[in-house]
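Remarks on the structure that follows.
The values are calculated or read from the model by the stated rules, or taken from the named source; none is laboratory data. Small disclaimer: the values here were computed from a predicted structure and weren't measured. For neighbour counting, all protein chains shown are included, and Cβ atoms are generated from backbone atoms with ideal geometry for every residue, glycine included.
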Amino acid sequence: MTKQEKQMCAKLAGPETGIEIKHSVCDICTPGPQCGLNVYVKDGKAIKIEGMPEFPSNRGKLCTKGAANRQYVYREDRIKTPMKRVGERGSDDFVPISWEEALDTIAQKLSEIREAYGPESVAWFTGYTKWIRPWLRRLCNSFGGHNYMTESSTCFRSGRMANETIFGRDMRGDLMGRPQLLVGWACNPYINAYVMGQGFVRAKEAGAKIIIIDVRHTQAAEKLADLFLRPRIGTDIVLAHAIANLIIQNGWQDQAFIDQYVHGFEEYRNMVSAYDLETAERITGVPQKDIRTAAEWMSQIKPACITPSNGIVHHINGYNAHRAVMCLDLITGNVDKPGTILPVYDTYCDIGSGFSTYEEEFMNETSTPKTVPQIGEERFPLWNRMTSDAQTMDLPRQVLEGKPYEIHALAAFGVNTMIFPEPGKFREAMKKLDFIFATDLFWTDACKYADIVLPVCSSLERSELKCYPGGVMYYVSPAIAPLYESRDDVEVMTELAKRLCPEDKLLCAGYHESLRYMFRDELEDLEKARETGMPHRCSKFKPYIPGTYLKNGPETKTGKLELYSELIREIDPDYHLDPLPVYYDGNRGTDPEKYPFVLMTGARLPNTIHSRGHKVPWLRSLRPDPMVDISPEDARALGIRQGDKVRLYSETGEIHLLANVTEVASQGELHLIHGYEEANASDLIATDYLDPYSGFPSYKQLRCAIEKEDA
């Protein structure tokens, strides 16, 4: 912060104005590098939001979402008091009740269901926000159950699984290590990851080459790319294999690295040999000369960092697509060196901060042996082997079919039915359940189907510890008092634990005592961070030394980096999972004559993430109407003009929205911003259209058709 800015803040905040500056954090985009906030508070109300200059990730800057925090927190549809349903599920027929009645009712119903059907008959599901996960997992375990699930069943976990399959643990690009080549695969950091965007800009300014690979013509392609490759939707594996084949044919691979550290190179080389330049251009649409340039740069410019974004796993073959891309890092030797990809060691809530905690012990020490399979375990065996969560995408099927056993209750923390393909199936499943309770900031469809609804706090209204790379701990206190009758989610869990599992003394003791347990080797730093309310460097922080992981031996079955997965090889062949990252056409036989377009949903705007910004007036004003991106060529052929009403439909459903004619979309492809309730992209996706390796929905690849509607 400049001297002039500090003087301006001093004038705004002080005894004369009655305004106080409180420090907080923006949790709208979660769980990544959230941004620090200065919250100007007068008479208990937030009247102004600014970025916090002292915060390591945003350094005083905010995106459009962060700048709209005040409108977000004071949204008109905030849930204000505990509510009990008195009408049909799905209706708005609720009456206010007290917190005591709400908590007692939940505890009584869950206890009755546990007694009658067993603890596994209750599913514990958390979506947004993600800060509560250690506590919900422990509550599920202490209750006696194992069906703990999160929205990571559709988010980043598949990419982590792919990394762990190859490397034995998750990996991240080392943008601080001065890479000379950065490859952003399905990556648009200007919108999707502000901090990563800063890293790309700094690398480019320092002279690094940048390749952007995306099916959309994005801001990153326009502003960052020295080379832009634009494959057709769902063909990333073919592109990756063609690049690998060219590298190997020309002897550009790092053979010494492969000989020392890699398992399965011969099998991998034989597989990618089928993907010559002509085949790759025919399938992907990427010109041969661009594929050749990419192969030359990726193999010859060192150090290089090739990283796919989470978006790449949202295809029907997304897990293998992520593997295929990461294999390029492996064969070029760009692993565990400065400026390449480095191993991730989680500290807390899926963030690696450079010191260890007892988070895993806290979550799992009250667990009991499983007596029945978790939800999704029998359907997605690789998912089950590589994560301890149940696979949420199998929940509607199991509820409706009752196989392998019945689910009778759902505890929903921040859940929105819009996340599910064919969300009507999930709502149908919710109608069948004996009991549902939901916590949330705002009224969602999941709340409308619940029996009890509880109002919870935004990040401005609660105490919360955050950890960030570089050993940073940030323990915020409430900037404003909880609005209405809201309580924070962990307080809700603590109160439920007292009623459901009082023997779990630690969980019953509350949030801070749990943190003291998890951070017991860093207690002095924890209390210092809490006392100052400012970013604090943990004294036990130790920067990772590149090369350590390979020196100690990868955590795979072979002790090497695996192009050919021995873990997958052990899975029953009836599941047809290939140990190699094989390609197959993901359009599953849908009639291309009837459904001539391929649709990708899930691209983001700078003003929203999922459905969270569409009811914030400032943010909604930036794109008030749901629209589908269509290329100028396709629009002309169909007689569609900018702003025309169109019908978009698939084998599963249809939605009605406006046309956005733009070169962002390639010919034959459509792109749809998701999160609009009145035009929900998930209505077009079949509930069984799931990646067999991970169980992830194919949000970004399905066949559809579009037609102009009468005015």
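Here are some notes:
- Residue check, Tyr584 loosely packed, with under 13 Cβ neighbours inside 10 Å and either in contact (Cβ under 8 Å) with a residue 24 or more places away in the chain or within 26 Å of His241 (Cα to Cα) (or both): yes
- The listed residues are Glu495, Glu485, and the only one of them that is closer than 24 Å to Ile79 by Cα and in a helix (DSSP H, G or I) turns out to be Glu495.
- Any hit, region 465-485, residues being of a type in the set (D, E, K, R) and either under 19 Å from Cys140 (Cβ atoms) or surrounded by fewer than 19 Cβ atoms within 10 Å (Cβ to Cβ) (or both): yes
- Residues being part of a helix (DSSP H, G or I) and in contact with a Lys or Arg (Cβ under 8 Å, 6 or more places away or on another chain) - total across region 398-420: 3
- The set of residues in region 667-686 that are outside any strand (DSSP E or B) and within 19 Å of the chain's Cα centre (by Cα) comprises His674, Gly675, Tyr676, Asn680, Ala681, Ser682, Ile685.
- The residue list Gly354, Gly339, Gly311 contains one member that is in a helix (DSSP H, G or I) and under 28 Å from the mean Cα position of the chain (by Cα), which is Gly311.
- Among the residues making up region 358-379, a single one is touching a Ser or Thr at 6+ places or on another chain (Cβ under 7 Å) and among the aromatic types (Phe, Trp, Tyr): Phe362.
- Residue check for Phe125: in contact with a His (Cβ under 9 Å, 6 or more places away or on another chain) and either more than 16 Å from Glu491 (Cα to Cα) or not aromatic (Phe, Trp, Tyr) (or both): no
- If only residues of region 27-50 that are modelled with pLDDT of 90 or more and in contact with a helix residue (DSSP H, G or I) (Cβ under 7 Å, 6 or more places away or on another chain) are counted, the one that is farthest from Thr126 (Cα to Cα) is Tyr40.
- Considering residues of region 242-273 that are part of a loop (DSSP other than H, G, I, E, B) and on the phi < 0 side of the Ramachandran plot only, the residue surrounded by the most Cβ atoms within 10 Å (Cβ to Cβ): Gln253
- Meets criteria (in contact with a Phe, Trp or Tyr (Cβ under 9 Å, 6 or more places away or on another chain), more than 30 Å from Phe257 (Cβ to Cβ) and either of a type in the set (A, V, I, L, M, F, W, C) or at pLDDT 95 or above (or both)) for Val616: yes
- If the condition is being modelled with pLDDT of 95 or more, charged (D, E, K, R) and assigned to a loop (DSSP other than H, G, I, E, B), then region 687-708 contributes only Asp691.
- Check on Pro404, more than 18 Å from Asp92 (Cβ to Cβ), modelled with pLDDT of 95 or more and outside the structural domain of Ala46 (by TED's automatic domain parsing): yes
- Matching option when the condition is over 30 Å from His315 (Cβ atoms), touching a helix residue (DSSP H, G or I) at 6+ places or on another chain (Cβ under 9 Å) and in contact (Cβ under 8 Å) with a residue 12 or more places away in the chain, among Leu136, Leu103: Leu103
- Scan of region 154-173 for residues that are closer than 15 Å to Ile306 by Cβ and of a type in the set (A, V, I, L, M, F, W, C), ordered by number: Ala162, Ile166, Phe167, Met171
- Only residues that are surrounded by fewer than 21 Cβ atoms within 10 Å (Cβ to Cβ) and in contact with a Ser or Thr (Cβ under 9 Å, 6 or more places away or on another chain) were counted in region 54-76, giving 1.
- In this entry, Lys370 is excluded by the filter for residues that are at pLDDT 95 or above and assigned to a loop (DSSP other than H, G, I, E, B).
- Test: Gly234 is in contact with a Ser or Thr (Cβ under 9 Å, 6 or more places away or on another chain), assigned to a loop (DSSP other than H, G, I, E, B), surrounded by 18 or more Cβ atoms within 10 Å (Cβ to Cβ) and among the small types (Gly, Ala, Ser): yes
- The residues in region 275-285 that are surrounded by fewer than 15 Cβ atoms within 10 Å (Cβ to Cβ) and without any contact (Cβ under 8 Å) to a residue 12 or more places away in the chain can be counted, and the count is 2.
- Residue within region 387-394 that is surrounded by fewer than 19 Cβ atoms within 10 Å (Cβ to Cβ) and within 30 Å of Arg569 (Cβ to Cβ) present: yes
- Going through (1) farther than 30 Å from Glu377 by Cβ; (2) out of contact with any Ser or Thr (no Cβ under 8 Å at 6 or more places or on another chain); (3) surrounded by 22 or more Cβ atoms within 10 Å (Cβ to Cβ) one by one, Trp185 falls short only on (2).
- Within region 538-560, if we keep just the residues that are in contact (Cβ under 8 Å) with a residue 24 or more places away in the chain and surrounded by fewer than 17 Cβ atoms within 10 Å (Cβ to Cβ), the residue that is nearest to Glu359 (Cα to Cα) turns out to be Lys540.
- Matching entry among Leu648, Leu638, Leu657 (being buried (at least 23 other Cβ atoms within 10 Å of the Cβ) and out of contact with any His (no Cβ under 6 Å at 6 or more places or on another chain)): Leu648
- Applying the criterion of being in contact with a Lys or Arg (Cβ under 8 Å, 6 or more places away or on another chain) and farther than 17 Å from Leu496 by Cβ to the residues of region 430-462, the residue that is surrounded by the most Cβ atoms within 10 Å (Cβ to Cβ) is Tyr449.
- Taking first residues from region 509-527 that are within 13 Å of Glu359 (Cα to Cα) and in contact (Cβ under 8 Å) with a residue 40 or more places away in the chain and partners that are assigned to a helix (DSSP H, G or I) and among the aromatic types (Phe, Trp, Tyr), the Cβ contacts under 7 Å between residues at least 6 apart in sequence or on separate chains come to Ser514/Trp135; Ser514/Phe362; Tyr517/Phe362; Met518/Phe362.
- Subset of region 445-464 (residues that are within 17 Å of Thr126 (Cα to Cα) and in contact with a helix residue (DSSP H, G or I) (Cβ under 7 Å, 6 or more places away or on another chain)): Asp445, Ala446, Tyr449, Ile452, Val453, Leu454, Val456, Ser458
- Considering region 56-100, and only residues there that are assigned to a loop (DSSP other than H, G, I, E, B), in contact (Cβ under 8 Å) with a residue 12 or more places away in the chain and among the hydrophobic types (A, V, I, L, M, F, W, C), the residue that is farthest from Gly613 (Cα to Cα) turns out to be Ile97.
- Top-ranked residue in region 193-223 [being among the charged types (D, E, K, R) and in contact with a strand residue (DSSP E or B) (Cβ under 7 Å, 6 or more places away or on another chain); ranked as modelled with the highest pLDDT]: Lys209
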